[in-house]
Amino acid sequence: MHEFIDKAVETHNLTKDELVFLLNSNKQIAKDLLKAADEVRKRFVGDEVHLRGLIEFSNICKNNCLYCGIRKDNRNATRYRMQPDEIIFLAEQAKKYGFKTIVMQSGEDLFFTTERMCYIISNIKKLDMAITLSIGEKSFEEYQAYKEAGADRYLLRIETTDKELYHRLDPGMSWENRKRCLEDLAVLGYEVGSGSMVGLPNQTISSIADDILFFKEMNIDMAGIGPFIPHKDTPLANATGRAFALSLKTMALTRLLLPDINIPATTAMEALDPNGRIIALQSGANVIMPNVTGCEYKKFYELYPGKTDINDTPLHCKTDIGIKINAIGRTIGKGYGNRGDFLKNVSNL
Ligand code: 5AD
């Protein structure tokens, strides 16, 4: 085992140079790195894989991120927006399938005012489910209103910590504001998830090391890391992307430095390798978000091409992944799967 991997396993700290070295490492060192992340995952968060039912409720977006298939200027995207009661209905279905957490994700769609969001959140809360939101940049007051209505967690990827690259890829947006959002969410008591894309055009290894250090500095509770996959209807159609191995290394290093957080095996991993999410689960990840959006819509929620399960029903998504999880000797999480609920479960015994 390389000395830097040993150091990370023991201290959960690496310098930027050490991170860069391991991100650049050859196949043998990379193999040891993924194995070490798997062991640290087992030691800190156990063998349970937490499932979160993902509802992609609108692909209408006011932003124009160069990499994203649902960017405002993509005229080829078929747009849809679920009605509030439709979203609540899908959450009820997800509850019947056994999901304990709902993740509500959408483009930044202005139809969903604070009032409408709070209506949806408070109704889903009645189902006794944990609620995660992933709906972009909002004001402190809006985040506060969602929290009071019953939201528990929030996902907002920083995308990249290279500010120049961020501003080039996300025109009209501000990196500082995105960071402000993550800080506000933490102050409000959300469990905060962030994350990044790996393999963006002109992204350096050094900035990927910074991304990992950023997650640590911000003390985030969850990190979603996935490869950038070019979408044909975007300005980055001809970019390379698809950096599967580098994404895995980034994820594994994040596990080593933040040993007790939640790390999803992202759908983008599966889009590049038919076994991508299982490989991720064996390289540091402990969460999977099966899609419960429903077949009529989910093919249109195309951030990137190659989503594997677009024709599967929600129940099939869950059963299929459950079988695969058991096949690698892991179990499906029984609780909500956040730290607070872990403690609650103990007191219930
Ligand atoms: N490839 C991979 N991931 C993407 N995302 C958006 N577009 C792409 C793409 N082309 C990711 C972003 C966003 C998340 C919801 O999806 O990181 O935060």
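Brief remarks on what is shown
- Annotation note: Cβ proximity below 6 Å between a residue of segment 93-120 that is within 22 Å of C317 (Cβ to Cβ) and a residue that is within 16 Å of the ligand (Cβ to nearest atom) and acidic (D, E) (sequence gap 6+ or interchain) occurs for Q105/E56.
- Residue within segment 105-127 that is closer than 22 Å to G335 by Cβ, open to solvent by less than 60 Å² (accessible area, probe 1.4 Å), part of a strand (DSSP E or B) and away from the ligand (no atom under 13 Å from the Cβ) present: no
- Residue in segment 216-235 that is nearest to K307 (Cα to Cα), counting only those that are open to solvent by less than 10 Å² (accessible area, probe 1.4 Å) and away from the ligand (no atom under 11 Å from the Cβ): A223
- Considering (1) assigned to a helix (DSSP H, G or I); (2) open to solvent by 40 Å² or more (accessible area, probe 1.4 Å); (3) free of Cβ contacts under 8 Å to residues at least 60 places away in the same chain, the lone condition that I29 does not fulfil carries the number (2).
- Exactly one residue out of T254, T250, T240 is open to solvent by 10 Å² or more (accessible area, probe 1.4 Å) and either more than 21 Å from G69 (Cα to Cα) or out of contact with any strand residue (DSSP E or B) (no Cβ under 6 Å at 6 or more places or on another chain) (or both), and it is T240.
- Total residues in segment 186-215 satisfying the condition of being open to solvent by 10 Å² or more (accessible area, probe 1.4 Å), of a type in the set (D, E, K, R) and in contact with a strand residue (DSSP E or B) (Cβ under 9 Å, 6 or more places away or on another chain): the figure is 1.
Conditions (1) surrounded by fewer than 23 Cβ atoms within 10 Å (Cβ to Cβ); (2) part of a loop (DSSP other than H, G, I, E, B); (3) not aliphatic (A, V, I, L, M), marked per residue:
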residue	(1), (2), (3)
D38	yes, no, yes
R43	yes, no, yes
V49	no, no, no
E56	no, no, yes
K62	yes, yes, yes
L66	yes, yes, no
K72	yes, yes, yes
A77	yes, yes, no
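- Residue satisfying all of: in segment 260-297; open to solvent by 20 Å² or more (accessible area, probe 1.4 Å) and assigned to a loop (DSSP other than H, G, I, E, B); nearest to G333 (Cα to Cα) among these: M289
- Scanning segment 204-252 for residues being of a type in the set (G, A, S), in contact (Cβ under 8 Å) with a residue 60 or more places away in the chain and in a strand (DSSP E or B) gives a total of 1.
- Residues of segment 134-151 that turn out to be assigned to a helix (DSSP H, G or I) and under 21 Å from the mean Cα position of the chain (by Cα), as a count: 3
- The single residue among R178, R168, R153 that is open to solvent by 40 Å² or more (accessible area, probe 1.4 Å), within 16 Å of the ligand (Cβ to nearest atom), touching a residue at least 40 places away in the same chain (Cβ under 8 Å) and of a type in the set (D, E, K, R) turns out to be R168.
- Of the residues making up segment 302-316, those that are assigned to a helix (DSSP H, G or I) and touching a Phe, Trp or Tyr at 6+ places or on another chain (Cβ under 9 Å) number 2.
- The one condition in (1) more than 15 Å from G195 (Cβ to Cβ); (2) open to solvent by 30 Å² or more (accessible area, probe 1.4 Å) that Y143 fails to fulfil: (2)
The values are calculated or read from the model by the stated rules, or taken from the named source; none is laboratory data. Quick caveat, the model's predicted, so the values are computed rather than measured. In this analysis, Cβ positions are derived from the backbone assuming ideal geometry, glycine residues included, and neighbour counts consider all displayed protein chains. The area values use the complete protein model at the heavy-atom level, side chains included, leaving out ligands, DNA and RNA. Shrake-Rupley method; radii C 1.70, N 1.55, O 1.52, S 1.80 Å.
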